[in-house]
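Have a look at the structure below, then the notes.
Bear in mind that the values in this text are calculations on the coordinates, not laboratory data. Not measured: the values here are computed from a predicted model. Cβ: placed from backbone, ideal geometry, glycine included. Neighbour counts: every protein chain shown.
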Amino acid sequence: MIWPETIRTDRLVLRRPTGADASAIFDGYAQDLEVVRYLVWRPHRSIDDTRAYLDQCQAGWEAGTDLTWALTLLGDDRLIGMIGLRPRGFKQDIGYVLARAHWGRGLVVEAGRPIIDLSVSDPAVHRVWATCDVDNRASARVLEKLGMSLEGVLRRWIVHPNVSAEPRDSLCYARVRET
């Protein structure tokens, strides 16, 4: 599938991130301990950490292995979060982050719907899935609103270094294209 670099929704523009987004990410959420609590990376200590992340985003797009879109409000090109899709053959997984100032407005659900819909419209894709920490109820609710079903608990699945150095249990959600 050829993925669009820009996707528009009612309130958002999802676009391929650029190096110019570094300060919006660094200042907006990459240092916020509450935002990064359940993520798999530690808070950025310098804008160089953020630039390195954006380099990874570009490499992912070029390789087609990790497609990350910047979330911006319609009419304002300042990045407020990111959503990513990792194609892996017949299954694809998603992840996201949003600046705390924009929590509770349904923006991740709005951003995720077209990405998931595009994914499952591909006849080669049978599953779009995501996990979240068992204690991250807000993210679980996002995944439910995205039409994903809870499949179960993955025991000791992933390390969230801002919570614990030990692997933690995760909830596994998926939307499966019926044949």
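Residue under question is Tyr53, and the condition is that it be crowded, with 16+ Cβ neighbours inside 10 Å and in contact with a strand residue (DSSP E or B) (Cβ under 6 Å, 6 or more places away or on another chain); does it hold? Taking the combined requirement at face value, the residue does not satisfy it.
For the stretch 95-109, what are the residues that are in contact (Cβ under 8 Å) with a residue 40 or more places away in the chain and within 15 Å of Met148 (Cβ to Cβ)? Once the filter is applied, which keeps residues that are in contact (Cβ under 8 Å) with a residue 40 or more places away in the chain and within 15 Å of Met148 (Cβ to Cβ), the stretch 95-109 yields only Tyr96. Scanning the stretch 4-47 for residues that are touching a residue at least 40 places away in the same chain (Cβ under 8 Å), hydrophobic (A, V, I, L, M, F, W, C) and surrounded by fewer than 16 Cβ atoms within 10 Å (Cβ to Cβ) yields Leu33, Val40, Trp41. Checking each residue in the stretch 59-78 for being within 25 Å of Ile158 (Cα to Cα) and surrounded by fewer than 19 Cβ atoms within 10 Å (Cβ to Cβ) picks out Ala59, Gly60, Trp61, Ala63, Gly64, Thr65, Asp66. Among the residues here, Thr50 does not qualify as outside any helix (DSSP H, G or I) and hydroxyl-bearing (Ser, Thr, Tyr). Given the options Gly81, Gly112, Gly147, Gly95, name the one that is under 16 Å from the mean Cα position of the chain (by Cα), surrounded by fewer than 17 Cβ atoms within 10 Å (Cβ to Cβ) and among the small types (Gly, Ala, Ser). Going through Gly81, Gly112, Gly147, Gly95 in turn, just one is under 16 Å from the mean Cα position of the chain (by Cα), surrounded by fewer than 17 Cβ atoms within 10 Å (Cβ to Cβ) and among the small types (Gly, Ala, Ser): Gly147.
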